[in-house]
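**Q** Please see the structure below; I have some questions.
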Amino acid sequence: MNKTAISLFKQKAMQLASTFEVCCCLDSNNYRDLYSQYDCLISFGIQEEIKVSAGKAFSNLKSFYDSSKDWMFGLLSYELKNETEQLITNHKDQLDFPDLYFFIPKYLIALQGDEINVLKGDEEIIETINKVSIINFSAKTDIRIESRFDKKTYINTVEKLQEHIKRGDIYEVNFCQEFFANNAKINPLSVYQELNELSPTPFAGFFKIYDQYILSATPERFLCKRGNQLISQPIKGTAKRSTDLIEDEQIKTNLKSSTKEQAENVMIVDLVRNDLTKSAVKGSVKVDELFGIYTFPQVHQMISTISCELKPEVHFVDAIKNTFPMGSMTGAPKIKAMQLIDTYEKSKRGAFSGSFGCISPDGDFDFNVIIRSILYNSAKKHLSFQVGGAITYAARAEDEYEECLLKASAILKVLGQN
């Protein structure tokens, strides 16, 4: 099939999948990647499922996988931090995403190049998908977006966090702010498709868990496993794109050589190295790429790649637990940063800055970082998205605020807010 036919098939498959109670689409948007196995995976229908709260969630996931050794897709909420560390969250949650949810799909379609493969379910599902009539719902919404922080309060809070840095409590903290809308009525699939068109990213995804939706344009990989190798690719370092090609190249060069952005990035690289050491064959942790610059529609990003060899005796679910939550969304030292996040942020993160992805029957997996994502509870008609950045001693609070708005720009545009 040619590229146009594949694109049309994907659209039809997504429309069919979204009619099921649970579905998950993981889309690379044809970004080339050393570690991805498929361009796009579309899973739908429930063969089996698991939904558990923080406490023994990872051990339950381990048992769930060991008993089936099947394809499974799922969500790891940021609130699983309360299981991996002695932490609590004091903020209210209006979205109610589960702490951990995984399902084994009845149907799984894989797109790779010009090929379509049915990995689960009857081959007849291809014919069913081809017969789908595409319905073009408008993504435009009549909602009012509010913010938990005004600019002054945000800047004051950043300065308070920098006082903690000066005292030596932390080196860096990922500080986020929430934008939200009550009584929000949207068509989730249409909003996702428009977001994905405006901001195509390598770890994008659409995840429907009954009345709850994650519409994601995330550029970041949390962790993947290929054979006995673990790979993490944290993002730290952001610069706005320019429509002027010469200026855009200069912005990339400036980002690459920025000592501030490098300092932010290397702190998280060190944290990830430490996290991977818990699961790694001794001496196998290495930095494959430091300060790589990658370009996306709205921004340039600084991305580093860290890998290791997984100890044979360590279950891959424990390897996920040993690195969760991801360092790029917490800070360093990790536990103190998470305590300060709960103190100074005004919203429960829930699914935001958690992860969703898939596990294959042979125990390989790939999970993203839930950023640049809309979270929506259709039963409560509550919509939310959060944006943030790394606060260091050298950070300028006003610049960090502007960076938040830059990261939110694609979502705000899709929601008709600019």
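**Q** Of all residues in the range 74-94, which are in a loop (DSSP other than H, G, I, E, B) and crowded, with 24+ Cβ neighbours inside 10 Å?
**A** Listed by number, the list holds a single entry, 77.
Residue-wise test of (1) in contact with a Cys (Cβ under 8 Å, 6 or more places away or on another chain); (2) touching a residue at least 12 places away in the same chain (Cβ under 8 Å).
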residue: 34; (1), (2): no, no
residue: 37; (1), (2): no, yes
residue: 45; (1), (2): yes, yes
residue: 67; (1), (2): no, no
residue: 76; (1), (2): no, yes
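**Q** Hey, among the residues in the range 10-69 that are among the acidic types (Asp, Glu) and touching a helix residue (DSSP H, G or I) at 6+ places or on another chain (Cβ under 8 Å), which one's nearest to residue 196 (Cα to Cα)?
**A** Filtering the range 10-69 for residues among the acidic types (Asp, Glu) gives 21, 27, 33, 39, 48-49, 66.
Among the residues that remain, those that are also touching a helix residue (DSSP H, G or I) at 6+ places or on another chain (Cβ under 8 Å) are: 27, 48.
Working: 27: 9, 48: 29 Å.
By that ranking, first place goes to 27.
**Q** Sticking with this structure for a sec: Within the range 317-331, work out how many residues are surrounded by fewer than 20 Cβ atoms within 10 Å (Cβ to Cβ) and either touching a strand residue (DSSP E or B) at 6+ places or on another chain (Cβ under 7 Å) or hydroxyl-bearing (Ser, Thr, Tyr) (or both).
**A** Final tally of qualifying residues: 0.
**Q** Identify, by number, the condition in (1) assigned to a strand (DSSP E or B); (2) in contact with an Asp or Glu (Cβ under 7 Å, 6 or more places away or on another chain); (3) farther than 23 Å from residue 204 by Cβ that residue 322 doesn't meet.
**A** The failed condition is (1).
**Q** Can you find even one residue in the range 42-49 that is touching a Pro at 6+ places or on another chain (Cβ under 8 Å), at pLDDT 95 or above and surrounded by fewer than 18 Cβ atoms within 10 Å (Cβ to Cβ)?
**A** yes
**Q** Here is a further query. Is it the case that residue 342 is closer than 29 Å to residue 165 by Cβ, over 17 Å from the mean Cα position of the chain (by Cα), surrounded by fewer than 24 Cβ atoms within 10 Å (Cβ to Cβ) and of a type in the set (D, E, K, R)?
**A** Spelling it out, residue 342 is indeed closer than 29 Å to residue 165 by Cβ, over 17 Å from the mean Cα position of the chain (by Cα), surrounded by fewer than 24 Cβ atoms within 10 Å (Cβ to Cβ) and of a type in the set (D, E, K, R).
**Q** Which one is nearest to residue 268 (Cα to Cα), of the residues in the range 378-410 that are among the polar types (S, T, N, Q) and outside any loop (DSSP other than H, G, I, E, B)?
**A** Here the answer is 386.
**Q** For the range 180-212, enumerate the residues that are within 19 Å of residue 355 (Cα to Cα) and either over 18 Å from the mean Cα position of the chain (by Cα) or assigned to a strand (DSSP E or B) (or both).
**A** Across the range 180-212, the qualifying residues are 204, 205, 206, 207, 208, 209, 210, 211, 212.
**Q** To continue, here is another question. Listed residues 137, 103, 149; which is under 17 Å from residue 357 (Cα atoms) and aromatic (Phe, Trp, Tyr)?
**A** 103
**Q** Shifting gears a bit: What are the residues in the range 95-120 that are buried (at least 18 other Cβ atoms within 10 Å of the Cβ) and either part of a loop (DSSP other than H, G, I, E, B) or without any contact (Cβ under 8 Å) to a residue 12 or more places away in the chain (or both), if any?
**A** If the condition is that a residue be buried (at least 18 other Cβ atoms within 10 Å of the Cβ) and either part of a loop (DSSP other than H, G, I, E, B) or without any contact (Cβ under 8 Å) to a residue 12 or more places away in the chain (or both), then 95, 97, 98, 99 are the ones that fit.
The values are calculated or read from the model by the stated rules, or taken from the named source; none is laboratory data. This is a predicted model, so every value here is computed, not measured. Glycine gets a Cβ as well: all are built from the backbone with ideal geometry, and neighbour counts include every protein chain shown.
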